[in-house]
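Read the structure below first, then the notes.
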Amino acid sequence: MEHYKTLFVGLDISLKKFDISIIDIESRFYLPQKHNCYHNNPKGLDLFVDHLVLALSLNNFNRVKIGFEATGNYGFHLPFYLKEHEKLKPYIVDIYQINPKIIKNARKSFSELPKTDSIDAYVIAERLKIGKLPPYTKFNPQYFALRFLTRSRFDIVTKIVSLKSRFISMLFINASGFVQNKIFSNRFGNTFINLFTHFDSVETIAHIEIDKIIAFVIDNSKNHIINPEKVASQIQYIARESYTINRIMHDSITLFHF
């Protein structure tokens, strides 16, 4: 069976930089202290790779395990960049995105050490030595493109649901009867929404001439409602059955201030 001589590299990544720690199975360091911090950009990664390859080649290592915490997107580019780097092609490279809880538990074994970025990188390297970590997913543009689109859609849908809920809550304050009774099939359709922007208050709807409400219904539904007179009558009846809001609060508590 082929023997692999392995280096373990811990990275602590932030917005503008990343700190590293390179050790072997016996926790011996393989990088000068002055080279333990790099810019979080392509040039910084290239410089890091140069130093890493130097440590690998001078000491006859043929495998490297690199680990970093899964915190935000600061480390998003790193595994893909390293996996495709030409200078690392001769070596076996395993990259691990580690759950922060695992690192937090590992740090309990090093409680006497100060809490710094370089020490955090060292703790990650030590945790790599233990193993039992799932390697990072191989770069797949289609997978990540689908993931971004799916998460974006989920975020948008979640916000829409929240806004709709807030709209209904505000609607009850402004015109309670229109929440208790459903006139239109869609409470978020143009005709229903425009009802509360065309008329300045529910009191206005309750006491205005019915012909104006009929004209509003015909115009906003594009004449698709079969019996606009009946619908207009229902709108005015519900407006009269609704709670009225104090005029002092009216301008600050409207349907669209959310």
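The values are calculated or read from the model by the stated rules, or taken from the named source; none is laboratory data. This one's a predicted model, so the numbers in the text were calculated from it and none came from an experiment. Positions of Cβ are backbone-derived with ideal geometry, glycine not excepted, and every protein chain shown enters the neighbour counts.
General remarks:
- Residues of segment 199-216 satisfying the condition of being among the acidic types (D, E), loosely packed, with under 12 Cβ neighbours inside 10 Å and outside any loop (DSSP other than H, G, I, E, B): D211
- Residues in segment 71-97 that are surrounded by fewer than 16 Cβ atoms within 10 Å (Cβ to Cβ), in contact with a helix residue (DSSP H, G or I) (Cβ under 6 Å, 6 or more places away or on another chain) and in a strand (DSSP E or B): none.
- Answer from T158, T191, T150, T204 - the residue that is of a type in the set (S, T, N, Q) and either at positive phi or touching a helix residue (DSSP H, G or I) at 6+ places or on another chain (Cβ under 6 Å) (or both): T191
- Here L58 meets each of (1) of a type in the set (A, V, I, L, M); (2) over 15 Å from V9 (Cβ atoms); (3) under 31 Å from the mean Cα position of the chain (by Cα) with one exception, condition (3).
- Of everything in segment 122-162 that is in contact (Cβ under 8 Å) with a residue 40 or more places away in the chain and of a type in the set (S, T, Y), the residue that is farthest from N36 (Cα to Cα) is Y136.
- All of N181, N186 fail the test of being over 35 Å from the mean Cα position of the chain (by Cα), within 29 Å of S162 (Cα to Cα), assigned by TED's automatic domain parsing to the domain that holds S162 and surrounded by fewer than 17 Cβ atoms within 10 Å (Cβ to Cβ), apart from N181.
- Evaluation of I98 against (1) touching a residue at least 40 places away in the same chain (Cβ under 8 Å); (2) touching a Leu at 6+ places or on another chain (Cβ under 8 Å) (one fails), failing number: (1)
- Verdict on N194 being within 43 Å of the chain's Cα centre (by Cα), assigned by TED's automatic domain parsing to the domain that holds I160 and assigned to a helix (DSSP H, G or I): yes
- Residues being modelled with pLDDT of 90 or more, among the hydroxyl-bearing types (S, T, Y) and not in a helix (DSSP H, G or I) - total across segment 141-185: 1
- Scanning segment 98-130 for residues that are in a loop (DSSP other than H, G, I, E, B) and either buried (at least 16 other Cβ atoms within 10 Å of the Cβ) or modelled with pLDDT under 90 (or both) yields a total of 6.
- Odd one out for L149, checked against (1) in the same structural domain as V202 (by TED's automatic domain parsing); (2) touching a Gly at 6+ places or on another chain (Cβ under 7 Å): (2)
- Qualifying residues in segment 217-237 (those that are modelled with pLDDT of 90 or more and under 42 Å from the mean Cα position of the chain (by Cα)) - the one surrounded by the fewest Cβ atoms within 10 Å (Cβ to Cβ): D219
Each row is one residue, and each column tells you yes or no for (1) of a type in the set (S, T, Y); (2) at pLDDT below 95; (3) surrounded by fewer than 17 Cβ atoms within 10 Å (Cβ to Cβ); (4) part of a loop (DSSP other than H, G, I, E, B).
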{"residue": "T244", "(1), (2), (3), (4)": "yes, yes, yes, yes"}
{"residue": "M249", "(1), (2), (3), (4)": "no, yes, yes, no"}
{"residue": "S252", "(1), (2), (3), (4)": "yes, yes, yes, yes"}
{"residue": "F256", "(1), (2), (3), (4)": "no, yes, yes, yes"}
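- Single unsatisfied condition, K138 versus (1) within 30 Å of G75 (Cβ to Cβ); (2) modelled with pLDDT of 90 or more: (2)
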